[in-house]
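Trainee: Structure below; questions to follow.
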């Protein structure tokens, strides 16, 4: 009986660990312009984006491959993803761009999950803005 209980406990721990790893994902993005994320201006370049939605409060980490600078993306507000994103199934980063530059606006990682919106400064009154969408590739490293 003791062996059975021990084996069941070990199986439950292993299952929980596998579930946690399965929900954490890492992506790679080539971003061809400088942008603002969480109030920090970062240069164009290659970035990894790590998403972890295992807890009640999802977390996202943006890291520059070149410099190693990391930004923890906090206070993400879940919402509905763009219909085109859902159709393509590709994970994306969306930026709001205007005369004053670009800012990270939303992240969507996969079907069946919300798109997360991040706070950023609003465009100046009268400033024209547009969205720039960068596809994320699953990072195999």
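Trainee: Could you check the range 52-69 and list, in sequence order, the residues that are in contact with a helix residue (DSSP H, G or I) (Cβ under 8 Å, 6 or more places away or on another chain) and in a strand (DSSP E or B)?
Mentor: Just the residues of the range 52-69 that are in contact with a helix residue (DSSP H, G or I) (Cβ under 8 Å, 6 or more places away or on another chain), to begin with: 52-54.
Across the range 52-69, the qualifying residue is only 52.
Trainee: Moving on. Would you mind stating whether residue 72 is touching a strand residue (DSSP E or B) at 6+ places or on another chain (Cβ under 7 Å), closer than 16 Å to residue 31 by Cβ and assigned to a strand (DSSP E or B)? Lay out the reasoning, then the answer.
Mentor: Values: touching a strand residue (DSSP E or B) at 6+ places or on another chain (Cβ under 7 Å): yes; closer than 16 Å to residue 31 by Cβ: no; assigned to a strand (DSSP E or B): yes.
For residue 72, the condition - touching a strand residue (DSSP E or B) at 6+ places or on another chain (Cβ under 7 Å), closer than 16 Å to residue 31 by Cβ and assigned to a strand (DSSP E or B) - is not met.
Trainee: Which condition does residue 81 not pass, out of (1) more than 15 Å from the chain's Cα centre (by Cα); (2) in a loop (DSSP other than H, G, I, E, B), if it passes all the others?
Mentor: Failing condition for residue 81: (1).
Trainee: Go through the range 26-46 and give me each residue that's modelled with pLDDT of 95 or more and in a loop (DSSP other than H, G, I, E, B).
Mentor: Once the filter is applied, which keeps residues that are modelled with pLDDT of 95 or more and in a loop (DSSP other than H, G, I, E, B), the range 26-46 yields 32, 33, 34, 43, 44.
Trainee: Kindly check whether there is at least one residue in the range 36-51 that is within 12 Å of the chain's Cα centre (by Cα) and more than 20 Å from residue 135 (Cβ to Cβ).
Mentor: As a first pass, look at the range 36-51 and keep what is within 12 Å of the chain's Cα centre (by Cα): 37, 47-51.
If we keep only those that are more than 20 Å from residue 135 (Cβ to Cβ) as well, we get none.
For the range 36-51, residues within 12 Å of the chain's Cα centre (by Cα) and more than 20 Å from residue 135 (Cβ to Cβ): absent.
Trainee: I would also like to ask the following. Could you list all residues from the range 101-121 that are assigned to a loop (DSSP other than H, G, I, E, B) and either in contact with a strand residue (DSSP E or B) (Cβ under 9 Å, 6 or more places away or on another chain) or surrounded by 15 or more Cβ atoms within 10 Å (Cβ to Cβ) (or both)? If you could, list the steps in order and put the result at the bottom.
Mentor: Initially, the range 101-121 is screened for residues assigned to a loop (DSSP other than H, G, I, E, B), giving 109-114, 118-121.
Once the filter is applied, which keeps residues that are assigned to a loop (DSSP other than H, G, I, E, B) and either in contact with a strand residue (DSSP E or B) (Cβ under 9 Å, 6 or more places away or on another chain) or surrounded by 15 or more Cβ atoms within 10 Å (Cβ to Cβ) (or both), the range 101-121 yields 109, 110, 113, 114, 118, 119, 120, 121.
Trainee: Just to verify a result, which residue in the range 126-141, among those that are over 23 Å from residue 38 (Cβ atoms) and within 19 Å of the chain's Cα centre (by Cα), is surrounded by the most Cβ atoms within 10 Å (Cβ to Cβ)?
Mentor: Of the residues in the range 126-141, the ones over 23 Å from residue 38 (Cβ atoms) are 126, 128, 138, 140-141.
Restricting the remaining residues to those that are within 19 Å of the chain's Cα centre (by Cα) gives 138, 140-141.
Details: 138: 12, 140: 6, 141: 6.
Only one residue fits best here, namely 138.
Trainee: Out of curiosity, is residue 123 within 17 Å of the chain's Cα centre (by Cα) and either at negative phi or in contact (Cβ under 8 Å) with a residue 24 or more places away in the chain (or both)? If you could, list the steps in order and put the result at the bottom.
Mentor: Numbers: within 17 Å of the chain's Cα centre (by Cα): no; either at negative phi or in contact (Cβ under 8 Å) with a residue 24 or more places away in the chain (or both): yes.
Answer is no for this residue.
Trainee: While we're here: Looking at the range 28-49 only, could you name the residues that are under 11 Å from residue 71 (Cβ atoms) and surrounded by 13 or more Cβ atoms within 10 Å (Cβ to Cβ)?
Mentor: Filtering the range 28-49 down to residues under 11 Å from residue 71 (Cβ atoms) leaves 35-42, 47, 49.
Within the range 28-49, 35, 36, 37, 38, 42, 47, 49 qualify.
Trainee: Can you confirm whether the range 79-86 contains a residue that is touching a strand residue (DSSP E or B) at 6+ places or on another chain (Cβ under 9 Å), touching a residue at least 24 places away in the same chain (Cβ under 8 Å), surrounded by 12 or more Cβ atoms within 10 Å (Cβ to Cβ) and closer than 20 Å to residue 24 by Cβ?
Mentor: yes
The values are calculated or read from the model by the stated rules, or taken from the named source; none is laboratory data. Keep in mind that what you see is a predicted model, and the values were worked out from it rather than measured. When we count neighbours, we look across all protein chains shown, and the Cβ atoms used for this are built from the backbone with ideal geometry, even at glycine.
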